[in-house]
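First up is the structure itself, then whatever we jot down about it.
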Amino acid sequence: MTICAAVFDAYGTLFDVSSVATQCEVFFPTHGQTISTLWRQKQLEYTWLRSLMDNYVDFNQINHDALRYVLGQLDLPEEPATMEVLVGMYTDLPVYPDVVPTLEKMGNIPLWILSNGVSQTIEQAVNNVKIDRYLKGVLSADSVKTFKPSPKVYDLALKALSLPAQDILFVSSNGWDVAGAKTFGFKVAFLTRQKKPPEELGQKPNFVIDNLTQLVDLFGGRHML
């Protein structure tokens, strides 16, 4: 199998979005984990719904709206300063422990991020955890004003890399994203961080891994090209 480049989803794949639960707990004792879980779920729902309605706003606004909904759902106060701090955490998310070792060993091929997030937000997060040195660039759904799993978003990788879809490995921990990328034509690795099976959407990943470092084992490091 020829793999000439790898493209990674950002949230939940490289960046640990569940880490916001700690700060949520500071502001809302006993509710931190619940807020974090519901907030992420509502983010995704809003990206899908706005895509279907053709009523785009960028992911920063999605993030804010989703948090506001969850706080209302839990009957918790929506203080603007608190909202700003929590939403702002998306520029300073930690990466999972397996991210840096994997990116270091895959440096023989171009590595990119393809995300629903706004470029500036993702790039700031990338710089804060110092993984920019391993990446060729960040591709954002914001440039086509819709969200994954729209083919318009995945097509950004083809245009940026000048490669056919079958020569690109797409890596995501989100089952719906895996199905979308495989439908588009990428080779796909499903990273099972959430210990869930692939979605039943008529497309199965080429590879199922439970740790990013397995990518290096699968493709033999320098022999991926």
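Nothing in this text is a laboratory measurement; each read-out follows from the coordinates by a stated rule. Keep in mind that this is a model prediction, so the values were computed, not measured. All Cβ positions, glycine included, derive from the backbone under ideal geometry; neighbour counts span all protein chains shown.
Could you list, in their original order, any pairs among Lys130/Lys152; Lys42/Lys145; Lys42/Lys148; Lys42/Lys159; Lys159/Lys196; Lys105/Lys130 whose Cα atoms are separated by more than 25 Å?
Lys130/Lys152; Lys42/Lys159; Lys159/Lys196
Quick one: net charge of Thr121's neighbours, Cβ under 12 Å, K/R +1, D/E -1?
Local net charge: -4.
Would you calculate a helix-derived [θ] at 222 nm for the chain, using -39,500 (n - 2.57) for each DSSP H run of n ≥ 4 and dividing by the full residue count, to the nearest 500?
-13000 deg cm²/dmol
Between Ser18 and Lys136, what FRET efficiency comes out of the Förster formula 1/(1 + (r/R0)^6) with R0 = 30 Å and r the beta carbon distance, rounded to 0.05?
0.65
For Asp217 and Asp75, what does the FRET efficiency come to when R0 = 41 Å and r is the distance between their Cβ atoms, rounded to the nearest 0.05?
0.30
By Kyte-Doolittle mean hydropathy of at least -0.5 and Cα axial length of at least 30 Å, which whole DSSP H helices of the chain are selected?
Going by DSSP H runs, there are no hits.
Does the stretch 96-225 come out rounded, prolate or oblate by the C-alpha gyration tensor, with a ≥ b ≥ c the root eigenvalues, rounded set by a/c under 1.5 and, if not, prolate when a/b is larger than b/c and oblate if not?
The shape class here is rounded.
Return the long-range amide H neighbours of Lys187 (sequence gap of 5 or more, or a different chain), with a cut-off of under 5 Å between placed amide H atoms.
Ile168, Phe170
Assuming a ≥ b ≥ c are the square roots of the Cα gyration tensor eigenvalues, decide whether the stretch 17-91 counts as rounded (a/c under 1.5), prolate (otherwise, with a/b larger than b/c) or oblate.
Prolate, since a/c reaches 1.5 and a/b exceeds b/c.
Would you indicate which of (1) 11.8; (2) 13.4; (3) 12.5 is the value of mean projected area of the Cα convex hull in nm² derived from the coordinates of this structure?
So the structure-derived entry is (1).
Between beta-carbons, use under 13 Å as the cut-off and find the net charge around Met83, counting Lys and Arg +1, Asp and Glu -1.
That sum, taken over residues with Cβ under 13 Å, equals -3.
Count charges around Gly137 for me, please; just the other residues with Cβ under 15 Å from its Cβ, Lys/Arg as +1, Asp/Glu as -1.
-1
If the cut-off is 19 Å between C-alpha atoms, which lysines fall inside it for Lys195, apart from same-chain ones fewer than 8 positions away?
Here the lysines satisfying the reach criterion relative to Lys195 are Lys204.
Please list, in order along the stretch 189-206, the HN-Hα scalar couplings obtained from phi with the Karplus expression 6.51 cos²θ - 1.76 cosθ + 1.60 (θ = phi - 60°), rounded to whole Hz, x for Gly and Pro.
10, 9, 8, 8, 4, 8, 6, 10, x, x, 5, 8, 10, x, 9, 10, x, 6
Just grab the label-to-label distance for Gln120 and Cys4, each label 7 Å out from Cα along the Cβ direction, in nm (one decimal).
In this crude spin-label approximation the distance works out to 3.4 nm.
Over the chain, what is the percentage of antiparallel beta bridges among all DSSP beta bridges, to the nearest 5?
5
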